[in-house]
Amino acid sequence: MTIEFQEYNQKLEEMIQGLEGLKAWDLPDVSRALTPMLHVLHVAKLCWVFYPNERAEAERAGQETRLFEEGTPEMTRPFVMREVNPGGSVIIYSFYSDVQKPGWDADDLEKLHAVEKLIFVFHGRIRLIKLVEERTYTDYQLNTRNMAYVMRLTAQLIFRKDIYDYCMVCFNLKGFSLVNSRVGRDAGTVVMSRFIKQLVNKLEEPGTIGRMGGDNFVGVFKKSDLDSVRTHLAGTGIVYNDETNERVMISAVAGYYMPDEKDEIQNHDDLMDRVTMAMNVARHAQDTMELFYSVELQEKQTEQKRIERQFPDALVRNEFKVYYQPKINIQDYTLAGAEALCRWVKNGEIIPPGGFIPVLEQSMNICLLDFYMLERVCSDIRRWLDQGRKPVRVSVNLSRRHLGDMDLVDHIIDIIDRNHVPHHLIEIELTETTTEVEFEDLKRVVNSLQENGICTSVDDFGTGYSSLNLIKEISWNVLKLDKALLPLVAQSVFSNDNIMLRHVVAMATDLGLECIVEGVETREHVDILLENKCFLAQGYYFDKPLPVFDFEKRLDKQKEIYCGEGKKEI
Ligand code: C2E
Ligand code: MG
Ligand code: MG
């Protein structure tokens, strides 16, 4: 058979172009790229056998793939070529001629040889690209996609301007170290992998989730999948033991970003900046596990950054002031104590703690502020003592952030002693804890303060989980009930709120704890407290937090009669 040279050349070029255009080694596509060339060469059948190694070849344990079959193959004499891949696998190509067509001569065989080499090279190239892609875009521990894969996908979506149909998510699994300690590290990895795969299965192509590292993930998905993603991340039971079907609940703290045409997304970083910002704010939020990026959130974040930047200088310039809010004994209206509350006086403006404490609590800055406040309080008490005034016990708020500090109590005592203040004049207010580790730290700190004659109080009792363990296990001096526990005035004594207040006060008193209610604003509140035998109160009905000068006046006239809105001296 003589194959016309020009036709052969033309089909060869077409074949190369066809193979070059392949994204994957999918058989129908490969066969389509080869068919015109195989026609010209009078090939009726082409198949190959793949052996993972030479031993498998010797044992004839290979896998055959039929790539092309048309016409009537001559089954006796295939033209066979053997190729060995760099990794050691072997491929045997078999070309069968067509019995209906003239047989192959030496020149034809050379052409077949060239075609076989090209198929081998292109097949190898695609396998290599796939391998490299897999290595680049896979997280091998979880066998899921990684961050680089998500970046590539978002770059494509941005380029095609399709990104506005998609939503970004960035999330961190909640308490995963607890999951690990409960089910073991290996089962923990399985749980993480299943949680992600189940989520990916809910997404319309090409939506995906990639691991950023540890228990942090980023994803991009169609806006129509938003509800399924939110539901999955809010909490999904994942089986960690296939035999017993035992499950563990996994949830995540998530930030979302829905790109809007007016946002003018230029690159992946524009998306990441917004979605990670939303996630970081969500992580520190007390009341939610998810947040959506918005311009307002961005502005709030900028404001927080500004506060963090200004804080060190403000501290040095003494811009933080102690305000004292009196605590009153409502049986005889004497001044029973005071709480030190912080105010930031910035350019003549007084900023209440709500405007900066939550920001400072996100870093250790809050600890610097608390020590500063204690220092100021101690120096005021020392001055009052030196001036012959009769100071009352002053409580200072301490953030939970301090609890991990092993030297905390030493530090507190150092400040008090340096100012020569008797220990009984200082009370430390702490709020309840949320984790077991914190609870143990809290116990240690409170016990140690007690041993040193410093009073301790549970602040805001009744707002969080308010576990009874907190009071049973730790020997506090004072229980400070939040105003949330104050019943509405019109409620009957048998209302749930009244019953709760009555019994909490009774329990505290029987346990030998002082009991004080915060947020007392009206005469009716005072009456409710008296009815329920709670005799200490703090609130606007008596005084707002007072600047030091005004509080000193209150110290000097420790007995005032509070009646209605007015105060009368005695
Ligand atoms: P807190 O320790 O529970 O303080 C009581 C809060 O209730 C104070 O708010 C006080 O002004 C307010 N309050 C008092 N009486 C009434 C009332 O009758 N009605 C109402 N609606 N509110 C009343 P403030 O001063 O804005 O402080 C808010 C929170 O900021 C404090 O809550 C405390 O958690 C924190 N904080 C204040 N100063 C410091 C500080 O120096 N260090 C730390 N770590 N936290 C502080
Ligand atoms: Mg307090
Ligand atoms: Mg409080």
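All of the numbers you see were taken from the coordinates with simple rules; none came from a lab. What you see is a predicted model, and the numbers here were worked out from it, not measured in a lab. FYI the Cβ positions are ideal-geometry reconstructions off the backbone, even for glycines, and counts take in every protein chain you see.
Working ranking of peptides 403-414, 186-197, 130-141, 268-279 by packing, defined as the average number of other Cβ atoms within 10 Å per residue, highest first, is 268-279, 186-197, 403-414, 130-141.
Which loop-located trypsin sites (Lys or Arg not before Pro) does segment 35-85 contain, where loop means any DSSP state but H, G, I, E or B and the Cβ has at most 14 other Cβ atoms within 10 Å? Mind showing how you got there, number by number?
On the way: sites: Lys45, Arg55, Arg60, Arg66, Arg82; in loops: Arg60.
Within segment 35-85, the qualifying trypsin sites (Lys or Arg not before Pro) (loop, at most 14 other Cβ atoms within 10 Å) are Arg60.
In segment 292-401, taking the dipole from charged Cβ atoms about the Cα centre, the farthest positive-side position among Pro358, Ala338, Gln310 is held by Ala338.
To the nearest whole percent, what portion of all C-alpha pairs in segment 298-410 is separated by more than 17 angstrom? Working shown, then result.
Details: 3847 of 6328 pairs.
Tail of P(r) above 17 Å: 61 percent of Cα pairs.
Let me have the 222 nm mean residue ellipticity of the chain computed from DSSP H runs of 4+ only, each contributing -39500 (n - 2.57), with the sum over all residues rounded to the nearest 500.
-14000 deg cm²/dmol
Quick one: length gained pulling Asp29 to Val80 fully straight, 0.36 nm per residue minus the C-alpha distance?
On the way: separation 51, 0.36 × 51 = 18.36 nm, distance 2.29 nm.
My answer for the length gained is 16.1 nm.
Explain nothing, just the number: relative contact order of the chain, from Cα pairs under 8 Å at least 6 residues apart, as a whole percent. Can you show the working numbers first?
Values: 876 pairs, mean separation 46.4, N = 570.
Relative contact order of the chain: 8 percent.
Annotation: extensible slack from Arg182 through Asn347 equals 54.2 nm (criterion: 0.36 nm per residue apart, minus Cα-Cα distance).
When the dipole is taken about the Cα centre of segment 84-158, and only Lys, Arg (+1) and Asp, Glu (-1) are charged at their Cβ, what size is it in debye, to the nearest 20? Mind dumping the intermediate values first?
Details: 9 positive and 9 negative charges, 100 e Å.
In debye, rounded to 20, segment 84-158 gives about 480.
Label sites at Lys130 and Thr334, each approximated as a point 7 angstrom past Cα along Cα to Cβ, lie 8.8 nm apart. In terms of its C-alpha gyration tensor, segment 5-138 comes out oblate, because a/c is 1.5 or above while a/b does not outweigh b/c. Reducing segment 199-213 and segment 65-141 to their Cα centroids gives an inter-centroid distance of 36 Å.
Rounded to whole numbers, the Karplus 3J(HN,Hα) couplings from phi for segment 435-446 are 10, 5, 4, 4, 4, 5, 4, 4, 4, 4, 5, 4 Hz, using 6.51 cos²θ - 1.76 cosθ + 1.60 with θ = phi - 60°, and x at Gly and Pro.
The GluC sites (Glu not before Pro) of segment 206-312 that DSSP puts in a loop, and whose beta carbon has at most 15 other beta carbons within 10 Å, are Glu243, Glu264. Rounded to the nearest 20, the size of the Cβ-charge dipole of segment 1-124 about its Cα centre is 300 debye, with Lys and Arg at +1 and Asp and Glu at -1.
In this rough spin-label picture, where each label sits 7 Å from Cα along the Cβ direction, the Val200-Asn245 distance is 2.7 nm.
How much of the DSSP beta bridge set in the chain is antiparallel, as a percent to the nearest 5?
Details: 68 of 94 bridges.
That works out to approximately 70 percent antiparallel.
If both residues of a DSSP beta bridge must be in segment 303-569, then about 50% of such bridges are antiparallel.
Each Lys and Arg Cβ is given +1 and each Asp and Glu Cβ -1; about its Cα centre, the chain then shows a dipole of about 940 debye.
For Glu14 and Arg152, what does the FRET efficiency come to when R0 = 22 Å and r is the distance between their Cβ atoms, rounded to the nearest 0.05? My answer for the efficiency is 0.10.
Based on the Kirkwood radius over alpha-carbon pairs, what value in µm²/s does the Stokes-Einstein equation return for the translational diffusion coefficient of the chain at 20 °C and 1.002 mPa s?
Working: Rh = 30.6 Å.
Using the Kirkwood radius from Cα pairs, D works out to 70 µm²/s.
You can think of it this way: the chain between Arg230 and Asn452 has 75.0 nm of extra reach, that is 0.36 nm per residue less the Cα-Cα gap.
Averaging the sequence gap over all C-alpha pairs within less than 8 Å and six or more residues apart, then dividing by the number of residues, gives segment 140-293 a relative contact order of 29 percent.
Since only Gly88, Gly207, Ile16 are under comparison, the one whose Cα sits farthest along the positive direction of the charge dipole of the chain, derived from C-beta charges on Lys, Arg, Asp and Glu, is Gly207.
Once Rh is set to the Kirkwood radius over Cα pairs, what Stokes-Einstein translational diffusion coefficient, in µm²/s, holds for segment 227-384 at a temperature of 20 °C and a viscosity of 1.002 mPa s?
Working: Rh = 19.8 Å.
Answer, rounded: 108 µm²/s.
Take every pair of alpha-carbon atoms less than 8 Å apart whose residues are at least six positions apart; their mean separation over the length of segment 1-64 yields a relative contact order of 27 percent. Label-to-label distance, Phe292 versus Thr463, with points set 7 angstrom from Cα along the beta-carbon direction: 2.9 nm.
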